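A quick write-up on the structure given underneath.
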Amino acid sequence: MKSTITMGSTESDRRGLRNSVSARLLTVICAVVLCSILVAGLWPFRAPQNEVSWLTNGNGLLFGDYGSLLSAGAFKSSNSTDGACLEIWVEPSAIEGSGTILSFYPSEHQSTLIELRRWLDGIGLQRRILGQKRSAKTAKIYANHVFRAGKPVFFTISSGERGTSIYVDGALAKVSRDFRFSREDWAGQLIIGNSSVTVDTWSGQLKGLAIYNRELPASQVMQHYQSWLGSGRPDTSSPDGAVALYLFNEVRGNTVHNLADSATDLVIPERFFVLHKRFLKRPWNEYHPGWHYWSDVGINIAGFIPLGFFFCAYFSLVRRIEHPAAVTLGLGFAVSLSIEVLQGFLPTRVSGMTDVITNTLGTAIGVIAFSHKALHFVPSKSVSAPSTMEANVHVPSRQSADENAKES
């Protein structure tokens, strides 16, 4: 009879429509998750502008969040083991913080890296071997509570046979009998405002810098400090053995002149850089105990859980491929490795294998969460469209059934 109502067909169409919408929604979610991870991992996609500018109210340079400069040439190596001295006049942007103020990247025949770093409200000079673990103990001298709000500080770090001393504004602040450095440690290319091998920026004002190939006695340390404070340069009436003297009085341009040797003038690049950035750093070289390290680990794990969950759902319910869990794990590893490789070319990002491991772990957690139906966000059955046979099944109406009974 023509009045027969195909109720099964209508219900099947509705179910097919719901499944089609669910499949499209899941596809969109996967695309959003993948794009979000790529943006988070590769932002800002290129080297930012070098945030180094001349001070408007005096001699000096201002370093922003991403600012650095380097010497045009390398400081020559010396076989002398005599003492050496460093004078630097700085004013940090904040009372507490951390970062590398200056670094000497060694020549090809050396493996020792020497850095002047700021830790919280203190300053220290350290020497470490390239490629060693971050958690490895390094030789250093450190003086704390030396920075003051809104005030420049003049540091003199002088080393000789009896050890190394740190002077703050001409006054002795720290002595170490175990830590020593010589003119040989200053060999290599000078980088200011950042580490030479990783992102470890320092922000603030730099007003003066001098390097000597001999130890300065305490009396001369105070004399130099007073001269810097009064005239913006050290008293050079007597030969001091200066190998570098930067007054930062050029006011404009992208070159800071070394009055002792023009071959090592400082250059201000247009864009921020890391001189010798490490590529895919090994996990044991990246590890260092502390809250910052473990928070990064947690973020990298959590960031890839959605990828594991939604892509495993997509491969299981929409594409219905074999071994969706294994394919999802491979995808998470490939995405993470690709990001870390590309980060090797971005100076503001750190390229390391620790992130690949933690990202893959996060992907695995997402896969497990979907496999155990922990969240039930996606229907348990395939969200593909219904089959033709299912759509053509008709349920007879009650009227049709009664007529058939009468005929019999």
With the first residue restricted to region 360-380 and required to be in the same structural domain as L329 (by TED's automatic domain parsing) and within 12 Å of C312 (Cβ to Cβ), and the second required to be surrounded by 15 or more Cβ atoms within 10 Å (Cβ to Cβ) and at pLDDT below 65, Cβ contacts under 7 Å at 6 or more apart or on different chains are none
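Go through region 153-169 and give me each residue that's outside any strand (DSSP E or B) and either of a type in the set (S, T, N, Q) or modelled with pLDDT under 95 (or both).
First, the residues of region 153-169 that are outside any strand (DSSP E or B): 161-162, 169.
Selection gives E161, R162.
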Among the residues of region 48-101, the number that are surrounded by fewer than 18 Cβ atoms within 10 Å (Cβ to Cβ), of a type in the set (D, E, K, R) and either more than 12 Å from W202 (Cβ to Cβ) or without any contact (Cβ under 8 Å) to a residue 12 or more places away in the chain (or both) is 3
- Test for V197: is it in contact (Cβ under 8 Å) with a residue 24 or more places away in the chain, assigned to a loop (DSSP other than H, G, I, E, B), outside the structural domain of Y105 (by TED's automatic domain parsing) and closer than 26 Å to L346 by Cα: no
F310 meets each of (1) crowded, with 17+ Cβ neighbours inside 10 Å; (2) on the phi > 0 side of the Ramachandran plot; (3) not polar (S, T, N, Q) with one exception, condition (2)
Within region 170-192, of all residues that are part of a loop (DSSP other than H, G, I, E, B) and more than 24 Å from Q226 (Cβ to Cβ), the one farthest from the chain's Cα centre (by Cα) is R177
Of V297, V274, the only residue that is β-branched (V, I, T), under 17 Å from the mean Cα position of the chain (by Cα) and in a loop (DSSP other than H, G, I, E, B) is V274
Note on region 227-261: residues assigned to a helix (DSSP H, G or I) and surrounded by fewer than 15 Cβ atoms within 10 Å (Cβ to Cβ) are L229, G230, S231
- Task: Take F104 and decide whether it is in contact (Cβ under 8 Å) with a residue 24 or more places away in the chain, of a type outside the set (S, T, N, Q) and at positive phi.
- Result: no
Here the qualifying pairs (Cβ atoms under 7 Å; residues six or more apart or on different chains; first in region 137-159 and in contact (Cβ under 8 Å) with a residue 40 or more places away in the chain and loosely packed, with under 14 Cβ neighbours inside 10 Å; second in a strand (DSSP E or B) and not hydrophobic (A, V, I, L, M, F, W, C)) come out as K151/E91
How many residues of region 160-170 are surrounded by fewer than 13 Cβ atoms within 10 Å (Cβ to Cβ) and closer than 23 Å to G204 by Cβ? The answer is 0
Exactly one of S316, S384 is over 23 Å from R278 (Cβ atoms) and at pLDDT below 90, and that residue is S384
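The values are calculated or read from the model by the stated rules, or taken from the named source; none is laboratory data. All figures in this text were calculated on a predicted structure; none of them were measured in a lab. Positions of Cβ are generated from backbone atoms using ideal geometry, with glycine treated the same way; all protein chains shown enter the neighbour counts.
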